[in-house]
Ligand code: SF4
């Protein structure tokens, strides 16, 4: 799995960090700390992508 955040779409709402702080960190904008998350985090990364209000998180399986 690979994950990216489109910084231009990110509204800094921080749902991603709440759901999966191991991978996402939000200050002015969300940053991906672990671009290739391990399998044990995959479900929460997908959940974060679905929860993102602006669709800024892209997941490549
Ligand atoms: S949930 Fe989406 S909009 Fe909110 S901080 Fe994360 S990437 Fe940005």
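The values are calculated or read from the model by the stated rules, or taken from the named source; none is laboratory data. Since this is a predicted model, take the numbers as computed values, not measurements. Neighbour counts are summed over all protein chains in view; Cβ atoms, including those assigned to glycine, are modelled from backbone coordinates with ideal geometry.
Pairing each residue of the stretch 41-61 that is on the phi > 0 side of the Ramachandran plot with any residue that is more than 7 Å from the ligand (Cβ to nearest atom) and modelled with pLDDT of 95 or more, provided the two are 6+ apart or on different chains, yields no C-beta distance under 6 Å. Would you confirm, using the coordinates I've provided, whether residue 12 is free of Cβ contacts under 8 Å to residues at least 60 places away in the same chain and either more than 10 Å from the ligand (Cβ to nearest atom) or on the phi > 0 side of the Ramachandran plot (or both)? Yes; evaluated as a whole, the condition is true for this residue. Consider the stretch 27-47 and keep the residues that are within 11 Å of the ligand (Cβ to nearest atom) and within 11 Å of residue 5 (Cα to Cα). The one that is surrounded by the most Cβ atoms within 10 Å (Cβ to Cβ) is 30. Among the residues of the stretch 1-26, the ones that are surrounded by fewer than 18 Cβ atoms within 10 Å (Cβ to Cβ), within 10 Å of the chain's Cα centre (by Cα) and within 14 Å of residue 61 (Cβ to Cβ) come to 1 in all.
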